[in-house]
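Written out below as structure tokens is the structure these notes cover.
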Amino acid sequence: MNLTAVNQTDMCEDYSCPERSVSLSVYVILYVAAAAVALLTVCGNLLVIISVSHFKQLHTPANILILSLAASDFLTGVFVIPLHLSLVIESCWTSGSVMCLVLKVVDFQATSVSVHTVSLIAVDRFLALSFPFFYSEKISLTVVCTATLLNWLFSFIYNFTLLYVNGNFTDVVCPAVCFAITDEISSIIDLLIVFVMPCTLIIILYTHVFVIAKKHATAIRALQVHNSTESSKNKISDKSERKAAMLLGILVFVFLLCLLPYYITALAIPYNSENTLQIRDVAGIFFFLNSTINPIIYALFYSWFQKSIKLIFTFKVFHKDSSLMNVM
């Protein structure tokens, strides 16, 4: 189930846009805030995309998944956030049928890719901590890139089929609203594929990850200071994996925190319930704000992202062999 999915096909009969009930100054402030959120989302995720793509030192399996998440968040910032916030502010769809279709496709695609990418991040961290030798030998860049491409391809085929089967490419409900039509069976299937199964997997795997990380921390504290050089290297490597798991755990926690309110309200509140429609709108805004928050998490907790931003803003990325610079 995605943000604009509903079951009622007749909800907009005789629907007309309500007159604006807020003052011009408030109206302008709302649009300025919406533009700022969209711009922050686009620029933040674009910096992540440039950083991971440009610097070869960042070409790791975990970072490829972060790149995929940033790409879906970038699409959300370019298309979904501006159009959705405009709809919330106006209480009416004014962008036409073509842009409505764009909103449906990109919204469903970005949501699906984001949720499944976070699931892949959970799988990646679980394998890295639970089976380090298997992970180092088998989980290569090629494997992760293939999994990422399959994720995008599966999401596109799945969402195109879901929208097409329910007539979203041919049926025009009414010019004043924009929502995706889904029947009851499609809504249940979508809920399972895009929310229940991946989120269950995320919670289970990260529970294991934090249990393993705690055990490793206890074991490391028990080691003697005069360990051999080889053991010291293994300890550093293990500590690095645990740190990566903890940081990505923050990413996953924030993701679930933004995701759950929408799905709870979507299940509990009927779409055509005008009295509680604002609650759904607020939950939906939190859902999309996750795309804005992710780059901020990278900037706060990832030193490689901080160094990459500095190199990008000082235009050193245009120097010869800049892709080989040390950013770790």
request  = Mind jotting down the distance between the C-alpha centroids of the stretch 87-131 and the stretch 23-50, whole Å?
outcome  = 18
key: Length released on extending from Phe133 to Phe156, taking residue separation times 0.36 nm less the Cα-Cα span   = 4.9 nm
ask   = For Lys310 and Ala176, what does the FRET efficiency come to when R0 = 51 Å and r is the distance between their Cβ atoms, rounded to the nearest 0.05?
value = 0.60
key: Amide H contacts of Tyr302 (H built 1.01 Å from N, under 5 Å, at least 5 apart or other chain)   = none
key: 3J(HN,Hα) from dihedral phi, the stretch 40-47, Karplus parametrisation 6.51/-1.76/1.60, rounded to Hz, x for glycine, proline   = 4, 5, 5, 5, x, 6, 5, 5
note = Along the stretch 302-308, Karplus-curve 3J(HN,Hα) (6.51, -1.76, 1.60; θ = phi - 60°) to the nearest Hz, with x for Gly and Pro, reads 10, 5, 5, 6, 4, 5, 5
inquiry  = I need the phi-derived Karplus couplings for the stretch 159-164: 6.51 cos²θ - 1.76 cosθ + 1.60, θ = phi - 60°, integer Hz, Gly and Pro marked x.
reply    = 6, 4, 5, 4, 6, 5
ask   = So which of Lys214/Lys307; Lys104/Lys310; Lys56/Lys320 end up more than 25 Å apart by C-alpha?
value = Lys214/Lys307; Lys104/Lys310
request  = State, to one decimal in nm, how far the label point of Thr146 lies from the label point of Phe253, with both points 7 Å from Cα in the Cβ direction.
outcome  = 3.5
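FYI, it's all coordinate maths here, none of it is from the lab. Since the model is a prediction, treat every value here as computed from it, not as a measurement. FYI the Cβ positions are ideal-geometry reconstructions off the backbone, even for glycines, and counts take in every protein chain you see.
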